[in-house]
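Here the structure is laid out as structure tokens; the discussion comes afterwards.
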Amino acid sequence: MRALSQLIDVEEPAWPELKETLDTSPVSVEMLPLDGDLGRASILQLQVTARSYLGAVALHCGGLLVDNGWLRVFGSPVSGAAHGVPSLARVNQFPGTFDPAWRLETGLVVAHDVLGGVFALNGAAPAVAGQPGEVVYFAPDSLRWEALGVGHSTWLAWVVSGALDEFYADLRWPGWHEEVSALEGNQGLSLFPPLWSAEARQDISAASRRAVSMRELLGVARDSCRQFAGVDPGFLGAM
């Protein structure tokens, strides 16, 4: 178990490089204000160093709103001053105080998108898909987890590179920027017919959309997965 100083006082910390990547991103990236105490508590509980992108985000950033807020990457935000975006600690139910016995064996939820998609970093014993240390995605249009074949740092650089346009090409509609920008960070969009239906796949722009809490959206996704796919997707993040 490493002390906080061993995690943050490191050679070649990742934040300067990551900050430059964020500042030069071709898509909109809003960095949320940081709660420094929460950041230090989070990196201590995670037991990752500031040399990693994961540690850098937890320690130096309140979170990221990427592509007009379509994707919310979790960090350590100031309470009540970050568009309602929850913290990495809250989403993953970190203990209230440091607990050396606490572990995330299956995975760490690192981001949500507005449609109820979930990006998670696999732990030592993945419960869903992929290998330890690999980022996986719960796709609300297929109700299954997909292994992305990359680690967290490569994934985060990819997220802010402009690649989301292609990744979500079949799940966006004319005017989505305005609808997404109007949401709070703890809200998502519920579509009817649902994303996984044949009707939505044929013409997503014709689906009706309404803003709902992310808690509701993730709950419906999990229930739908159980009912229609016959499996429990597991933990999708606490809101």
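The values are calculated or read from the model by the stated rules, or taken from the named source; none is laboratory data. Note that this is a predicted model, so its numbers are computed, not measured. Please note: Cβ atoms are built from the backbone with ideal geometry, for glycine as well, and neighbour counts cover all protein chains shown. Please note that ligands, DNA and RNA were not included when accessible areas were found on the heavy atoms of the full protein model with its side chains. Shrake-Rupley method; radii C 1.70, N 1.55, O 1.52, S 1.80 Å.
Estimated from helices alone, the mean residue ellipticity of the chain at 222 nm is -7500 deg cm²/dmol (sum of -39500 (n - 2.57) over DSSP H runs with n ≥ 4, per residue).
Summary of packing: across the peptides 31-42, 104-115, 65-76, 196-207, the per-residue average of other C-beta atoms within 10 Å ranks them, highest first, as 65-76, 104-115, 31-42, 196-207.
Considering only protein heavy atoms and a 1.4 Å probe, what is the carbon-and-sulfur percentage of the accessible area of the range 28-159?
Values: 2420 of 4710 Å².
Carbon and sulfur atoms account for 51 percent of the accessible area of the range 28-159.
Axis angle, to the nearest 10 degrees, between helix 36-46 and the longest C-alpha principal axis of the chain: 90 degrees. Between helix 214-224 and the chain there is an angle of about 60 degrees, using the helix long axis and the longest principal axis of the Cα atoms. Remark: the chain carries 46 Å² of accessible area per residue (probe radius 1.4 Å; ligands, DNA and RNA excluded). First check a/c for the range 1-116, with a ≥ b ≥ c the square roots of the eigenvalues of its C-alpha gyration tensor; if it is under 1.5, answer rounded, and if not, answer prolate when a/b is larger than b/c or oblate otherwise. In terms of gyration-tensor shape, oblate.
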